[in-house]
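J.: The structure is given below, and queries will be raised subsequently.
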Amino acid sequence: MFDISNASDGKWVTMFAGKGGVGKTTCAGATALHRASNSGATLVISTDPTPSLAHIFEVARGAEPVRVSEGLSLAELGLKEIKQMWDKKFGPEVYEVFSSFVAVDYDEFAEFVTSILPGLHDEFMVDYIKELSQTQTYEHIVWDTAPMGQTLGLLETPAMLREHLRPAPRIYSRLKLGSRTRRSVLDIIKGWEKLSGEDMEFLRQGVSFVIVTIPEALAVEQLDGILEEMGRYGFSADQLVINNVIKEIGGSSFLQAKADQQRGYIERLYQQYSGMKIVEVPLFPHEIKGLERLRKVGEYLFASD
Ligand SMILES: Nc1ncnc2c1ncn2[C@@H]1O[C@H](COP(=O)(O)OP(=O)(O)OP(=O)(O)O)[C@@H](O)[C@H]1O
Ligand SMILES: [Mg+2]
């Protein structure tokens, strides 16, 4: 089984996923910091359209990696950057295909396509992280994502695109295009199909999934759905983090009541996911910002080291 404390089995990227607000970014940050100081150059990157990674590391945000501490760089890809990068890498080719049968100018086209096909951005993010992992600039990449709905889109898109591209050659062969145009368009489509296949392969082989949850009714209930959904696309989670666990009561009847309630959910999680590595992170009496507090979280995530 893949273990976030040991990235030696061929997975370079650890992706943190889970429902909104459960502590994905906090755990991603803590993991990246731990990796950077124990096993080499690490990049922590967010593709959440409302990112908070730079905020918790207290650095300026940007799409280009900035150095955070010894061995650790950070990047946040916002919607704008993703759109720009997509435009640069795929825009002209996609335009070439479409403009072979629709008279439309490029800007209008790019705006239209990227707005009706948000999946293209998802595909681009997967592709971008895949390429980053292939440059071997980093020993590890820690990937902080948006709340689960969006992340599932990310996982689904390469397979979906591949599926949708399958009938394309048949359709194109019927279009009244010159045979040279038809040939080059078909080559481009084949290229996309291949790319989607590679992106899927990368998600399967190169990415380890860590699911973060909290011991509360809704989060625990939704977990099954999340894992089932992932399973449907052929992915499984390697580790479960139970965050916000109340460990110190200090004589407070309020905290005691909350801890009692949490215990039921925690037990349920251990029973239900007995095959998975599970770690608990305590609820701290303060928000988690800055290197020192992130290191503290890391001590719990990597307690078994
Ligand atoms: N164990 C903890 N103890 C105390 N506060 C925590 C803990 N984990 C996370 N927090 C706080 O909870 C808030 C949400 O955490 P975080 O941003 O990591 O969640 P998220 O899952 O990434 O949220 P989103 O879905 O919005 O991206 C932050 O203010 C963070 O400091
Ligand atoms: Mg987050």
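J.: Considering only residues that are within 6 Å of ligand 1 (Cβ to nearest atom) and either at positive phi or among the charged types (D, E, K, R) (or both), which ones fall in region 269-289?
T.: Within region 269-289, just E287 meets the criteria.
J.: Just give me the residues in region 127-169 being within 11 Å of the chain's Cα centre (by Cα) and outside any loop (DSSP other than H, G, I, E, B), in sequence order.
T.: Here is the first cut: in region 127-169, the residues within 11 Å of the chain's Cα centre (by Cα) are 129, 141-148, 150-155.
Once the filter is applied, which keeps residues that are within 11 Å of the chain's Cα centre (by Cα) and outside any loop (DSSP other than H, G, I, E, B), region 127-169 yields I129, I141, V142, W143, D144, M148, Q150, T151, L152, G153, L154, L155.
J.: If you scan region 65-86, which residues turn out to be buried (at least 18 other Cβ atoms within 10 Å of the Cβ) and either of a type in the set (A, V, I, L, M) or at pLDDT 80 or above (or both)?
T.: So the first thing to find is which residues in region 65-86 are buried (at least 18 other Cβ atoms within 10 Å of the Cβ), and the list is 68, 71-77, 82-83, 85-86.
Those that are buried (at least 18 other Cβ atoms within 10 Å of the Cβ) and either of a type in the set (A, V, I, L, M) or at pLDDT 80 or above (or both): V68, G71, L72, S73, L74, A75, E76, L77, I82, M85.
J.: Something else now. Looking at R35, is it modelled with pLDDT of 90 or more and surrounded by fewer than 16 Cβ atoms within 10 Å (Cβ to Cβ)?
T.: Details: modelled with pLDDT of 90 or more: yes; surrounded by fewer than 16 Cβ atoms within 10 Å (Cβ to Cβ): no.
In short, no.
J.: Go through region 251-305 residue by residue and tally those that are in a helix (DSSP H, G or I), small (G, A, S) and over 15 Å from E216 (Cα atoms). Steps first, answer last, please.
T.: Quick first cut of region 251-305, residues in a helix (DSSP H, G or I) only: 253-272, 291-301.
Checking the rest, the ones that are also small (G, A, S) come to 253, 257, 259, 264, 298.
Those still in the list that are over 15 Å from E216 (Cα atoms) too: 253, 298.
Total meeting the criteria: 2.
J.: Residues being within 16 Å of ligand 2 (Cβ to nearest atom) and either more than 17 Å from T145 (Cβ to Cβ) or touching a Gly at 6+ places or on another chain (Cβ under 8 Å) (or both): count how many of those fall in region 34-48. Lay out the reasoning, then the answer.
T.: Residues of region 34-48 that are within 16 Å of ligand 2 (Cβ to nearest atom), as a first pass: 44-48.
Narrowing further to those that are either more than 17 Å from T145 (Cβ to Cβ) or touching a Gly at 6+ places or on another chain (Cβ under 8 Å) (or both): 44.
Residues that pass the stated criteria total 1.
The values are calculated or read from the model by the stated rules, or taken from the named source; none is laboratory data. These numbers were taken from a predicted model, which means no experiment stands behind them. In this analysis, Cβ positions are derived from the backbone assuming ideal geometry, glycine residues included, and neighbour counts consider all displayed protein chains.
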